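The values are calculated or read from the model by the stated rules, or taken from the named source; none is laboratory data. No experiment lies behind these values; they were computed from the predicted model shown. Please note: Cβ atoms are built from the backbone with ideal geometry, for glycine as well, and neighbour counts cover all protein chains shown. The protein model used for the area step is the full one, side chains on, heavy atoms only, and it has no ligands, DNA or RNA in it. Shrake-Rupley method; radii C 1.70, N 1.55, O 1.52, S 1.80 Å.
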Amino acid sequence: MTPFRLLISVLFVVSSVAVAQAKTVWVDDQLYLPVRAGAGTQFRIIENAVPSGTPLEVLETTDAGYTRVRTPKGTEGWVSSQYLSDAPIAADRLKRANRELEQARSELSTLKQQLSETTQQRNALENAEASLSERSETLQEELQRIKSIAADSINLERRNRELREENQKIRNDLEVLTAENERLEASKESDFMLLGAGLVLGGVLLALIIPMLKPTRKTDNWA
């Protein structure tokens, strides 16, 4: 055999062993499985009472119906291949299924609780939203009332300003009328004084003129 073919054969064997080492098998539905020192019943038992469902690491297989394995305790030996299974036994699968079912139930219970809490939160948010909506409507009404009051205040302020301006105008007119009245009163008194003076002057004139109008008696020289 050439060195190249020898190298290829060694690589093939090594790869086969590596594949075998990566495989895991389980003890089939038997009560116990003895692990022997060799591939046959004539070899001594090196580990007894391996229970069914125990996972075993495959190290080597033969065509004689035996498989070299490593147990969870670390024992390496041979067991009959007919008592090995490529899948866990039904009892283990049932246990696993029960565990998965229990886990699913637990997750379902957790999800139900979360759903209940979420529903409560949603209801609380809806109630809060309704309350906020009512509060918003109340605030809108209050705002409209304040706007109306503000508008009335503005109108009152404008009307008050107009009344103040009108009052000031009336005061100004009153001052003008008062001054005019005082002027008229002063003029009336002046007229009365002139009239009195005229009357006095007229009386004086009459007093002077009337004697002059009386006939004078002639002196009777013959008397």
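Under 1.5 on a/c is rounded, so check that first for region 87-201, then, if it is not, pick prolate when a/b is larger than b/c and oblate when it is not; a ≥ b ≥ c are the square roots of the alpha carbon gyration tensor eigenvalues. Prolate.
In debye, nearest 20: dipole of region 162-218 around its Cα centre with unit charges on the Cβ of K, R (+) and D, E (-)?
1040 debye
The slack in the chain from Val204 to Ser109, taken as 0.36 nm per residue of separation less the alpha-carbon distance, amounts to 20.4 nm. Calculated accessible area for region 32-86 comes out at 55 Å² per residue, all protein chains present (probe 1.4 Å; ligands, DNA, RNA ignored).
The 3J(HN,Hα) values that the Karplus relation (6.51, -1.76, 1.60; θ = phi - 60°) gives for region 37-43 are, in residue order, 6, x, 7, x, 6, 6, 8 Hz. Gly and Pro appear as x.
Label point of Ser85 set 7 angstrom out along Cα-Cβ; within region 41-61, amide nitrogens under 12 Å from it belong to 52-55. Per-residue extension of 0.36 nm, minus the Cα-Cα distance of Arg99 and Asn123, leaves a gain of 5.1 nm for this segment.
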